[in-house]
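Structure, as structure tokens:
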Amino acid sequence: MKPLFVAILCCLISIALGQSSPAGTTTVAEWQNGKNGALSITYDDGSYNQFKDALPIMEKLHLPATFFIITGGIPGSKYHGRFIGRPVKDIIAETATIPANDQNFLERCSAAGYLGYKGTITYVTKAAGMYDSPRRKVQAYKLMDSLYKKVRNGDFQPGYQPCDEYLQEKGSTWDDFRRDAKLGYEFASHSITHASMPGLDSVNIVYELEKSKEEVRNQMGERYTFSTEVPYGYENERVMQIAYKIYPALRNRMPEPWLTELDRPSRKSPTVNTKDYVQWQRECNTHATLPLMKSWVDTTVMRKDTWLVLVIHGVDGLGYEALSDTLLNNYFHYIKARDTSLWIATFGDVTRYMREREGTEVKSKIWKEKIKVTLTNSLDGSMYYQPLTLKTYVKSSWKKATIRQRNHMKYVLHAQVASDSGGSYVIYRAYPNQGEIIVSKS
């Protein structure tokens, strides 16, 4: 639903003023500050070079970003990888006589990484990917059978070996993350162990997501529990239904009636879109040339409805599809040069803005030569606190305007009046559910 247009003055006054939008008419801009589009830089896995090499480039350019971090491996974390279920020795023994099937696969795959042997996680990752595809489930069963046969035969070394993504965070600390968060970066959960969740049963999915969220809350604060990315970009419906109940915003999927989703594998472009917004995810990797990556930005600038979500993994030789800091420096400068047209913000903040805009009712009225505007919605104010950018039409005689909001009286905004085909207007920011906004002639 488009934000509500409210016009208070009658048509005769509108004609007298010589403008098609009566004074008081107020709308919410598609994007913060009336920009053409939005862009979010996101990083998966939290590999050390993201912070050592990429973050300093962004900081020099004042570019925000979102880091989806694996919480279990950070020193000082309370929650680590584990299997929730019956004793693994019982599961191992059972595999000698009962092959993997649709009834027992999820339990066996969930337990496989915690059997007490190194090298089993690779099997979990592969089998989960196979199981996510209905046509490859039989292959997943066979792979799980081969894993447990090797375990029974003693083919693995004793111990525990997490996945590479987990190990590549080595060097980062929660103190580092708290320091960077103060600079405006968003930190969000990427699970405890970078688990392959289509291969996990429900109780172990919940553990990975809930306890990672709790870890982030304890270490960073409540505001950093808003966003998440389920590892490997899976969109498995069973996993998504569990994740939706734990996190308000998933990068994997964001089913909204007003949003078209184009995920990373999609070959579609945002050029044909029938909804208010389109989220266009593109992966910056070694297969994407710099000219191609720049073209994504250009497309977003030219449109009014597009949110470009960039996905980055490895940096400078560390991590999946690692990009050099030289390439990132070039690309980030290109993005920064277009920030007059693009709202560059964290994943969480763009999500908040869109939901607030779509869910907010706008009312306005003329009162004693002033314009009163109210913004109301039913969203949880502890999670949704983005100001909205408003466009309010004023009388043609106005040259400047002063804006005050009831619950933010110490912040007085002074705006220059501009004009378009609808008449004279001012652009300003205000908060939903924070009292009346008074727009007056300066």
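The values are calculated or read from the model by the stated rules, or taken from the named source; none is laboratory data. Just so it is clear, the structure is predicted and the values come from calculations on it, not from any experiment. With ideal geometry, Cβ positions are generated from the backbone for all residues, glycine too; neighbour counts draw on all protein chains shown. Surface accessibility is based on the protein's heavy atoms, side chains included, excluding ligands, DNA and RNA. Shrake-Rupley method; radii C 1.70, N 1.55, O 1.52, S 1.80 Å.
Here's a check for you: in the stretch 156-209, which residue that is open to solvent by 30 Å² or more (accessible area, probe 1.4 Å) and of a type in the set (A, V, I, L, M, F, W, C) is nearest to Val239 (Cα to Cα)? Ranking the candidates gives Val206 first. For Leu250, the criteria (1) in contact with a helix residue (DSSP H, G or I) (Cβ under 8 Å, 6 or more places away or on another chain); (2) at pLDDT 95 or above; (3) more than 27 Å from Tyr224 (Cβ to Cβ) hold in every case but one, which is (3). Just one residue in the set Thr392, Thr326 is over 24 Å from the mean Cα position of the chain (by Cα) and buried (at least 21 other Cβ atoms within 10 Å of the Cβ); that residue is Thr392. One residue stands out in the stretch 419-442 among those that are open to solvent by less than 40 Å² (accessible area, probe 1.4 Å) and outside any strand (DSSP E or B): the one that is nearest to Lys372 (Cα to Cα), namely Gly435. Residue pairs whose Cβ atoms lie under 7 Å apart, separated by 6 or more positions or on different chains, with the first residue in the stretch 92-106 and open to solvent by less than 40 Å² (accessible area, probe 1.4 Å) and at pLDDT 95 or above and the second aromatic (Phe, Trp, Tyr) and not in a loop (DSSP other than H, G, I, E, B), are Ile92/Tyr148; Thr95/Tyr148; Ala100/Tyr141; Phe105/Tyr131; Phe105/Tyr141. When Glu186, Glu256, Glu208 are checked against the criterion of being in contact (Cβ under 8 Å) with a residue 12 or more places away in the chain and more than 16 Å from the chain's Cα centre (by Cα), Glu208 stands alone in meeting it. Looking only at the stretch 398-418, residues that are in contact (Cβ under 8 Å) with a residue 40 or more places away in the chain and either open to solvent by 20 Å² or more (accessible area, probe 1.4 Å) or closer than 22 Å to Met354 by Cα (or both) come to 2 in all.
Yes/no matrix, rows are residues, columns are (1) crowded, with 22+ Cβ neighbours inside 10 Å; (2) hydroxyl-bearing (Ser, Thr, Tyr); (3) part of a strand (DSSP E or B):
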{"residue": "Tyr320", "(1), (2), (3)": "no, yes, no"}
{"residue": "Arg338", "(1), (2), (3)": "no, no, no"}
{"residue": "Trp343", "(1), (2), (3)": "yes, no, yes"}
{"residue": "Glu356", "(1), (2), (3)": "yes, no, no"}
{"residue": "Lys363", "(1), (2), (3)": "no, no, yes"}
{"residue": "Ile371", "(1), (2), (3)": "yes, no, yes"}
{"residue": "Thr374", "(1), (2), (3)": "no, yes, yes"}
{"residue": "Gly381", "(1), (2), (3)": "no, no, no"}
